[in-house]
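Have a look at the structure below before the remarks.
The values are calculated or read from the model by the stated rules, or taken from the named source; none is laboratory data. Nothing here was measured: the structure is a model prediction, and the numbers come from that model. Don't worry about glycine lacking a Cβ; one is built from the backbone with ideal geometry, like all the others, and counts go over all protein chains shown. Please note that ligands, DNA and RNA were not included when accessible areas were found on the heavy atoms of the full protein model with its side chains. Shrake-Rupley method; radii C 1.70, N 1.55, O 1.52, S 1.80 Å.
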Amino acid sequence: MAITGFISKVGKIAGNNQSTILTGMGVTGVVTTVIFTTRATFKAAELIEREERKAQDSTGDLEYELNTKAKVKLIWPLYIPPASVAVTTIAAIVMANHEASKKIAALTVASGISERALQEYKDKVIEKLGDKKAVDIHDSIAQDRVNKTPLNTREVIIAGTGEVLCFDITTGRYFQSSVEEIRRAENKINFEIINHMYSSLSSFYDEIGLPPTPYSDTVGWNGNELFEVTLSTVLSTDNRPCIAIDFVRAPFAEYDRLW
């Protein structure tokens with residue numbers, strides 16, 4: 001029973017880390033292939049040299065010439081090990097990529113479900129409580145997010161010409177800007193969506209002067225709905241007026257896939 005349980009646990013760990021294990025095998029395989037190929041090449045050179053010496057008579061003249069076909073026939077067995085390792089390595093890399101793609105696809109689906117659930121929840125709050133109450137709830141949440149991100153622990157990015165302290169709820173970054181600059185960026189993103197069918201969160205950050213993030217490069221909006229920013233007036237942890245920025249519709253993955 002103990003051995004069976006141990007084997008089951010090992011199998012579960014291996015299954016959960018299959019992509020990592022396969023990637024490690026791929027890396028190891030590349031190095032091993034290089035080593036085996038190098039050794040085989042040195043041995044092949046020695047074999048050819050030895051055979052060519054045999055082809056010489058006592059005076060050093062060639063009795064017969066070792067042609068390409070003869071050389072290949074002589075040395076090809078030496079390259080079986082590196083070729084075998086190379087094939088295994090390619091298989092491991094392909095399988096690792098396949099596993100990673102499946103995980104990414106699953107995460108994308110899960111993300112889409114969460115985004116839809118959040119949007120449905122927001123819509124239901126507005127339906128049941130009305131716009132005013134919904135705004136009050138959103139502002140309260142924005143204040144909580146600011147309170148959990150103390151200003152003294154973060155750098156304030158000088159993003160534009162405005163001097164108003166702002167807080168990006170999505171990435172937890174403070175920066176200086178103005179309502180006018182934010183609304184101008186909102187209009188530009190909508191222009192991009194209308195004319196090019198989609199726009200990324202990174203594009204919005206670029207318009208307001210914030211550096212992109214790995215997350216912002218992978219999410220955005222498309223022409224199904226116009227892009228809309230929500231601004232909440234809150235107080236920073238040092239009691240300075242602050243504008244918290246959020247979005248009516250959260251950015252989503254695969255925003256640039258229109259069919």
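For region 168-209, a residue qualifies if it is aliphatic (A, V, I, L, M) and under 21 Å from His138 (Cβ atoms), and the qualifying residues are Ile169, Val179, Ile182, Ala185, Ile189, Leu201, Ile208. All conditions but one from (1) modelled with pLDDT under 90; (2) over 28 Å from Lys132 (Cα atoms) apply to Ser200; the one that does not is (1). Taking the criterion of being closer than 19 Å to Arg154 by Cβ, modelled with pLDDT of 90 or more, more than 26 Å from the chain's Cα centre (by Cα) and exposed (fewer than 13 other Cβ atoms within 10 Å of the Cβ), would at least one residue in region 240-256 satisfy it? Checking region 240-256: at least one residue is closer than 19 Å to Arg154 by Cβ, modelled with pLDDT of 90 or more, more than 26 Å from the chain's Cα centre (by Cα) and exposed (fewer than 13 other Cβ atoms within 10 Å of the Cβ).
Quick check on Leu226: is it out of contact with any Pro (no Cβ under 9 Å at 6 or more places or on another chain), outside any strand (DSSP E or B) and under 25 Å from Ile137 (Cβ atoms)? Answer is yes for this residue.
Within region 158-168, is there a residue that is open to solvent by 50 Å² or more (accessible area, probe 1.4 Å), in a helix (DSSP H, G or I), touching a residue at least 24 places away in the same chain (Cβ under 8 Å) and within 17 Å of Pro241 (Cα to Cα)? Within region 158-168 (the criterion being open to solvent by 50 Å² or more (accessible area, probe 1.4 Å), in a helix (DSSP H, G or I), touching a residue at least 24 places away in the same chain (Cβ under 8 Å) and within 17 Å of Pro241 (Cα to Cα)), the answer is no, since none of the residues qualifies.
Among the numbered criteria (1) modelled with pLDDT under 75; (2) in a helix (DSSP H, G or I); (3) β-branched (Val, Ile, Thr), which single criterion is violated by Ile90? Failed condition: (1). The residues listed here are Glu192, Glu186; of these, the one that is among the acidic types (Asp, Glu) and closer than 18 Å to Pro211 by Cα is Glu186. Residues that are closer than 17 Å to Asp238 by Cα and not aliphatic (A, V, I, L, M) within region 134-148 comprise Gln143, Asp144, Arg145, Asn147, Lys148, listed in sequence order. Taken over region 180-217, the residue count meeting the criterion of being open to solvent by less than 60 Å² (accessible area, probe 1.4 Å) and at negative phi is 19.
Of all residues in region 214-259, those satisfying the criterion of being of a type in the set (Phe, Trp, Tyr) and in contact (Cβ under 8 Å) with a residue 12 or more places away in the chain are Tyr215, Trp221, Phe227, Phe247, Phe252, Tyr255.
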